[in-house]
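To start, the structure itself, in structure tokens.
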Amino acid sequence: MKSLYIKAIVLFVCLSCLQCKNEISHEVVPKTTSTVQYAKGFTITNYKGYSIVTVKNPWPKATKTYTYILKEKGGIVPDSLTQNPVISIPIKTIVVTSTTHIPSLEMLGEVNSLVGFPHCDYISSIPVRARIEAGHVKELGTNQDLNTEVLLDLQPDVIIGYGIDNTNPTLDNLERSGLKILLNGDWNEETPLGKAEWIKFFGALYGKQKEANQLFSSIAHDYLELCALAKTAKTQPSVVVGDIYEDRWYLPKGDSWGSQLLREAHANYLWAATPGTGSLSLSFETVFEKAKSAEVWFTSGQFDSLLAMTNSNPHYKEFDAFQNKRVYSFCKKKGKTGGILYYELAPNRPDLVLKDLVKLVHPELLPSYQPFFFEQLK
């Protein structure tokens, strides 16, 4: 009897160890490692039956890593991971909260999954606007004050939110109500390709990682080819960016997304040496002193003509770039309800932005190309 008891204990221990071993191997040995190359804010690791998505930097100086489990049909998620949000994929319905999320849905062929958005007038995408007009996308208010009642009625599979800091009570309340919230930090990426690579985040939600990888690879390939082309330019024209808004001239710091694009376009951005990734806030006099002789001027989205600029500030006409009519803006390309396409699409398509910049700074390199976002102000 005693020997049978001992055998039973041994068998139980062996089976327990085998079960632990299976769970550990299932959990620790990925089927494929993350394909994320440029983005610093998220990773995707694929396992048999599920994937782990981590979001590490959804806002500046974030201290917490957010982990999401994407469970395939029939997949088994280890118990040790179930304390994290578990989302069944492919998702069928989604709410996004930034226009920068829209192009990923469009490129992946998933615009019909969008059921809600805060302040729909900002959206420029033609197929999404058609869904809005047909009543298939509900207006949700603003990102910091989402309409909870509408969201609870919609019951989307996921809500893609973003944060400016550690406080977002609206998203916290929705999560407590049982809705699945995923944070997206595309806006906090510091490189053009890093921002664009967040299409892989959406690809994982729709079970379309392969398609997302291919789309991003094409964007990255074209972007890097343009970088190489720009390096062949024999000149490096000086560039000033921005204009006056509420008595201050805002322009990108030297490590920011916009500054990096100008560097890749082989332009001499006059504030390229300033450290940081945010914006500089300078007086008109400070900018004029340094940039009066700048050869090219990329304005903000405020003005659609040179006359509109001088009506706002007559001293704009004293810049050489203004006098030589080398002033360019992205403000004219708008959606049906006034949303500026550049704000929506540019972070996802740095290849198109860079191609525009190369054309306008070095027109000889792309003689037959017509810029996609930017137009010369007249």
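The values are calculated or read from the model by the stated rules, or taken from the named source; none is laboratory data. This one's a predicted model, so the numbers in the text were calculated from it and none came from an experiment. Here Cβ is always computed from backbone atoms with ideal geometry, including for glycine, and neighbour counts include all displayed protein chains. Calculation scope for accessible area: heavy atoms of the full protein, side chains included, ligands and nucleic acids excluded. Shrake-Rupley method; radii C 1.70, N 1.55, O 1.52, S 1.80 Å.
In this structure Cys331 has an accessible area near 0 Å², from a 1.4 Å probe over the protein heavy atoms. Spin-label model, Phe284 to Lys231: label points 7 Å out along the Cα-to-beta-carbon direction sit 4.2 nm apart. Here the simple spin-label model places points 7 Å from the Cα toward Cβ, and for Leu152 and Asp247 these points are separated by 4.6 nm. Using a 1.4 Å probe on the protein heavy atoms only, what accessible surface does Arg248 show? Give it in Å² to the nearest 10. Surface accessible to solvent at Arg248 totals approximately 90 Å². Highest GNM mean-square fluctuation among Thr299, Thr148, Thr167, for the chain modelled with Cα contacts below 10 Å: Thr167.
Just report the Cα centroid separation between the stretch 63-138 and the stretch 248-311, whole Å. Rounded to whole Å, the Cα centres lie 35 Å apart. Given R0 = 45 Å, the distance between the Cβ atoms of Glu364 and Thr337 translates into a calculated FRET efficiency of 0.75. The residues neighbouring Glu289, those whose beta-carbon lies less than 14 Å from its own, together hold a net charge of -1 under the Lys/Arg +1, Asp/Glu -1 convention. Give the carbon-plus-sulfur fraction of the accessible surface of the chain in %, rounded to a whole number; probe 1.4 Å, heavy atoms of protein chains only. Heavy-atom surface of the chain belonging to carbon and sulfur, 1.4 Å probe: 55 percent.
With all protein chains in place and ligands, DNA and RNA left out, the 1.4 Å accessible area ranks His315, His266 as His315, His266, largest first. Between Pro127, Pro237, Pro156, where does the largest GNM mean-square fluctuation fall for the chain, given springs only between Cα atoms within less than 10 Å? The residue with the greatest mean-square fluctuation here is Pro127. For Rg and Dmax of the Cα atoms in Å, the value computed from the atomic coordinates appears in the list (1) 21.0, 76; (2) 24.9, 102; (3) 19.9, 60 under label (2). Using a Gaussian network model of the chain in which every pair of alpha carbons under 10 angstrom is joined by a spring, one finds that among Gln323, Gln209, Gln144 the greatest mean-square fluctuation is at Gln323. Partner lysines whose Cα lies under 26 Å from the Cα of Lys333, excluding those fewer than 8 positions away in the same chain, are identified as Lys138, Lys195, Lys253, Lys317, Lys325, Lys355, Lys359, Lys378. Can you flag which of Lys200/Lys231; Lys231/Lys336; Lys61/Lys292; Lys292/Lys332; Lys231/Lys290 are past 27 Å Cα-Cα? As for pairs spanning more than 27 Å Cα to Cα, those are Lys200/Lys231; Lys231/Lys336; Lys61/Lys292. Between Asn268 and Ser177, the distance separating the two model label sites (each 7 Å from Cα on the Cα→Cβ line) works out to 5.7 nm. Computed over the chain, the per-residue total of -39500 (n - 2.57) for DSSP H runs of n ≥ 4 gives a 222 nm mean residue ellipticity of -10000 deg cm²/dmol, rounded to 500.
Pairs of Cα atoms under 8 Å, at least six residues apart: use those to get the relative contact order of the stretch 141-235, whole percent.
About 18 percent, as a whole number.
Legend: helices of the chain (whole DSSP H runs) are marked when their alpha-carbon atoms reach 30 angstrom or more along the helix axis and their mean Kyte-Doolittle hydropathy is at least -1.0; marked are 2-28, 209-230. Please list, or write none, the aspartates and glutamates whose alpha carbon is within less than 15 Å of the alpha carbon of Lys92, excluding same-chain residues fewer than 8 places away. Partners found: Glu72, Glu106, Glu110, Asp157. When DSSP beta bridges are restricted to pairs lying wholly in the chain, around 55% turn out antiparallel. Dividing the mean sequence gap of close Cα pairs (under 8 Å, 6+ apart) by how many residues the chain holds gives a relative contact order of 15 percent. Compared with the alpha-carbon gap, the fully stretched path from Asn324 to Lys378 is longer by 18.3 nm at 0.36 nm per residue. For the stretch 179-293, the solvent-accessible area of protein heavy atoms averages 43 Å² per residue (probe radius 1.4 Å; ligands and nucleic acids excluded). Computed with a 1.4 Å probe on the full set of protein chains, the accessible area for Val241 sits at about 30 Å².
Based on Cα contacts under 8 Å between residues 6+ apart, the stretch 181-227 shows a relative contact order of 25 percent.
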